[in-house]
Each structure stands twice: as C-alpha cells, then as structure tokens.
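Beneath this line is the structure, given in structure tokens, with notes to follow.
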Amino acid sequence: MIARALAGDREAFARVVEHYQRPLYQFAYRLLGDASLAQDATQEAFARAWIKRASFRFRPGANYSTWLYRLARNSALDLLRKRREVPLEGIGRDRPDPGADAAAAAQLAELGARIEAAIAALPEEQRAAIALAEYENRSAREIAAILGCSTRAAESHLYRARQALRAELADLRA
C-alpha cells in the first residue's frame, strides 16, 4: 500500500492517511497541546508527505512511519514557532473515566494537569522524545530518526526528560 502511495496512487495514499491519521494527530497534540493546531500540523504533514513522496526511498533502516512522524514533528514545530507559546491544557492528559466517582475523577484530573504541566515545561526536544517513547512506544533509534539526531542524543533527551519529570513530580511518590 505504501509503495503504491509513493508511486502516486491517490486511493492508496488515502488509505495510508486513514491508517496513520490518528497516531500522528495524537503525537502532534502532545507536542502542541491544542486540538486545532494538532489537526493543522497533521494535515500539513500529510500534504508534505504527498508532495515529497518521491524523496522517500525504501532502504534498510528506512521506515515510512518514522518519516511521517518526522514530517508531523516538523509541521508542529513550524506552528509552534509561529505561535511562540504552548498551552498547558491537554498535553499528555488521560481523561478520567466517566463512571468513576467524583472524588476519584477530580483527583485523576488534578494528577493529569500536574503531569501535563511538567511535560509542557520540558524543552522542545525532550518533550518530543518523551511523547514518542511513552505515548507512541517508539524506540530510541526511531526517536533519533524522527528528531534528526543520533540514537545517543535521543537517549540523552529521554534520560533528561525522565529526570526532570521525576524531580518535578517527586511528591507524588510519597
């Protein structure tokens, strides 16, 4: 399907978009914290994927989904540069179960807000690395490819992000 999409088959590309739209949107949302901006970044990433499809080459170690995530990240960063601020609402938030009692839901919402604020406070590269690792289950090698850095640098971004989050949220462990 990907090969057909890369060859210019619009129907195949529509299926690729359908398959990757949700995970790319979620990734962009975690970077941007805004549903509308995340949708814009996702659409821009797919537009770039279509326009630049001839530049993608299948080769050992080249993963189409990694390329799409990199396009989504770049689109999100472009929007961030234009906006110059990241809202805290929504980043990394897990919504409380509506069936849970009100006190538990409020506690979960408060915890979610603390976590999202801590993630939003991370530097851009660390925020992207932690979102890719923890929410998208990407390996350090894949994160490196998406971020355009070495695997060692990706591991460093993850380590620093986790250390910063542990320090910021240390009181939750007690």
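Data table
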quantity: Within the range 141-174, considering residues that are assigned to a loop (DSSP other than H, G, I, E, B) and of a type outside the set (Gly, Ala, Ser), the one modelled with the highest pLDDT; calculated: CYS149
quantity: Among the candidates SER55, SER75, SER65, residue that is at pLDDT 90 or above, of a type in the set (Ser, Thr, Tyr) and not assigned by TED's automatic domain parsing to the domain that holds SER150; calculated: SER75
quantity: Positions within the range 118-149 being of a type in the set (S, T, N, Q), out of contact with any helix residue (DSSP H, G or I) (no Cβ under 6 Å at 6 or more places or on another chain) and closer than 25 Å to LEU79 by Cα, in sequence order; calculated: ASN137
quantity: One residue from GLU125, GLU110 being among the acidic types (Asp, Glu) and at pLDDT below 85; calculated: GLU110
quantity: Residues that are at pLDDT 85 or above and either buried (at least 17 other Cβ atoms within 10 Å of the Cβ) or assigned to a loop (DSSP other than H, G, I, E, B) (or both), drawn from the range 78-107; calculated: LEU79
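For every residue, the table says whether it meets (1) within 17 Å of PHE27 (Cα to Cα); (2) buried (at least 16 other Cβ atoms within 10 Å of the Cβ); (3) in contact with an Asp or Glu (Cβ under 7 Å, 6 or more places away or on another chain); (4) of a type in the set (Asp, Glu).
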position: ALA120; (1), (2), (3), (4): yes, yes, no, no
position: PRO123; (1), (2), (3), (4): yes, no, no, no
position: SER150; (1), (2), (3), (4): no, no, no, no
position: ALA154; (1), (2), (3), (4): yes, yes, no, no
position: ALA170; (1), (2), (3), (4): no, no, no, no
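The values are calculated or read from the model by the stated rules, or taken from the named source; none is laboratory data. Computed from a prediction, not measured in an experiment: that's the story for all the values here. Virtual Cβ from ideal backbone geometry, glycine too; neighbours counted across all protein chains shown.
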